[in-house]
2 protein chains.
Amino acid sequence: MLTIGSLAKKTGTKVQTIRYYEQIGLMPEPGRTGGGQRRYGDAELDRLSFIRHSRQLGFPLDVIRELLDLSDHPDKSCDEADAIARRQLKQVEQRLARLKALRTELKRMVHECSGGRTADCRVLEVLRDHTECLTQHDQMGA
Amino acid sequence: MLTIGSLAKKTGTKVQTIRYYEQIGLMPEPGRTGGGQRRYGDAELDRLSFIRHSRQLGFPLDVIRELLDLSDHPDKSCDEADAIARRQLKQVEQRLARLKALRTELKRMVHECSGGRTADCRVLEVLRDHTECLTQHDQMGA
DNA sequence: GCTTGAACCTCCAGCCACCAGAGGCTTTAT
DNA sequence: ATAAAGCCTCTGGTGGCTGGAGGTTCAAGC
């Protein structure tokens with residue numbers, strides 16, 4: 001039987017985060033001691049590990065909910081999980097592309113700045129005038 | 001003289017966002033009509049363009065505040081603006097590296113999944129067992 | 001058995017950078 | 001004169017947590 005603190009340590013989660021997951025129904029309500037403290041077993045450890053690992057891979061919580069549901073039904077088709085992972089991959093690739101464009105632009109700013117007064121600062125100049133940008137970096141989100 | 005709506009259109013900003021910027025002191029309080037509607041001039045247009053462009057390059061609002069301040073004082077040294085841009089570049093590069101690791105992992109998951117029941121799903125299996133990961137993808141943040 | 005101190009409890013507020021909607025007023029065009 | 005588009009303020013929500021206040025419980029040492 002694990003306390004919330006040791007569960008937190010084992011999974012690299014903050015205690016508050018575990019309580020938060022319980023609050024939004026992502027983690028089940030665990031058993032309690034007579035005094036009202038939470039106690040966890042192996043099932044909860046596995047579930048939390050799954051959640052944390054999915055988070056590290058960038059899946060949002062509502063998607064993780066779906067993945068957990070799939071994982072709880074071993075006879076369902078795998079297609080859905082596969083589709084979710086593919087979507088995530090696509091998003092990661094889009095974000096990569098955007099970040100690369102940003103990097104290019106920032107590098108250019110920094111390289112062209114040769115010190116001096118801010119009046120002649122290349123960094124500020126580029127920020128002032130969007131038309132100087134070579135790359136398109138329209139919406140962010142990452 | 002621009003209405004808030006036309007300023008929004010020109011800069012690709014939502015109207016509410018402009019009011020938000022005003023509320024947090026990033027944009028100045030503009031002049032008003034007799035009826036209380038905001039009217040903007042070219043200075044505000046320039047300032048908002050600067051803000052939006054900086055946002056697109058991923059600078060957070062408090063950093064943009066610094067950049068605006070530097071831009072308002074043409075005789076200050078350029079070093080600070082340069083340092084800010086370099087920091088941002090570094091952060092972008094870190095995020096790129098993390099995203100690349102994620103992409104690798106997601107690709108592997110997707111490639112290894114050959115359909116079937118969720119019980120045998122490679123995607124779910126990898127999520128369950130972190131030790132199968134080749135790459136380290138510790139904290140996210142993007 | 002008693003005391004200490006670490007870990008637990010609940011509840012509330014805040015972070016970032018907005019976005020949406022309710023309910024009402026102003027402007028502009030016809 | 002009227003209509004509709006756009007403006008106003010104010011409130012509350014988003015995602016995914018994180019921190020703190022103020023109080024209780026647990027486990028270990030004496």
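With respect to the stated conditions, A:Ala43 is away from every other protein chain (no Cβ under 11 Å) and over 15 Å from the mean Cα position of the chain (by Cα).
Give me the residue from region A:10-23 that is more than 8 Å from DNA strand D (Cβ to nearest atom) and either part of a helix (DSSP H, G or I) or of a type in the set (D, E, K, R) (or both) and, out of that set, most open to solvent (accessible area, probe 1.4 Å). For region A:10-23, the residue satisfying everything is A:Gln23. Figure legend. Inter-residue proximity from region B:110-128: first residues within 7 Å of chain A (Cβ to nearest Cβ) and part of a loop (DSSP other than H, G, I, E, B), second residues of a type outside the set (A, V, I, L, M) and surrounded by 23 or more Cβ atoms within 10 Å (Cβ to Cβ), beta-carbon distance below 7 Å, spacing 6+ or different chains. Indicated pairs: B:Cys113/B:Cys121.
The set of residues in region A:25-59 that are of a type outside the set (Lys, Arg) and within 8 Å of DNA strand D (Cβ to nearest atom) comprises A:Thr33, A:Gly34, A:Gly35, A:Gly36, A:Gln37, A:Ile51, A:Phe59.
Mind checking which residues of region B:70-83 are assigned to a helix (DSSP H, G or I), open to solvent by 80 Å² or more (accessible area, probe 1.4 Å) and at the interface with chain A (Cβ under 7 Å from one of its Cβ atoms)?
Taking region B:70-83 and keeping what is assigned to a helix (DSSP H, G or I), we get B:70-72, B:79-83.
From the residues that got through so far, the ones that are open to solvent by 80 Å² or more (accessible area, probe 1.4 Å) too are B:72, B:79-80.
Scanning region B:70-83 gives a single hit, B:Asp79.
Number of residues in region A:29-50 that are among the hydroxyl-bearing types (Ser, Thr, Tyr) and open to solvent by 30 Å² or more (accessible area, probe 1.4 Å) equals 2. Within region B:29-52, the only residue that satisfies the criterion of being touching a Gly at 6+ places or on another chain (Cβ under 7 Å) and touching a residue at least 40 places away in the same chain (Cβ under 8 Å) is B:Arg52.
Taking the options B:Leu99, B:Leu67, B:Leu26, B:Leu7, name whichever one is more than 30 Å from A:Ser54 (Cα to Cα), open to solvent by less than 30 Å² (accessible area, probe 1.4 Å) and either facing another protein chain (nearest Cβ under 7 Å) or without any contact (Cβ under 8 Å) to a residue 12 or more places away in the chain (or both).
B:Leu67
The values are calculated or read from the model by the stated rules, or taken from the named source; none is laboratory data. Note that the structure is a prediction, hence the values are computed from the model and not measured. Here the Cβ is made from the backbone with ideal geometry for all residues, glycine too, and neighbour counts use every protein chain on show. For the accessible areas, the whole protein counts, side chains as well, though only heavy atoms, and no ligand, DNA or RNA atoms are used. Shrake-Rupley method; radii C 1.70, N 1.55, O 1.52, S 1.80 Å.
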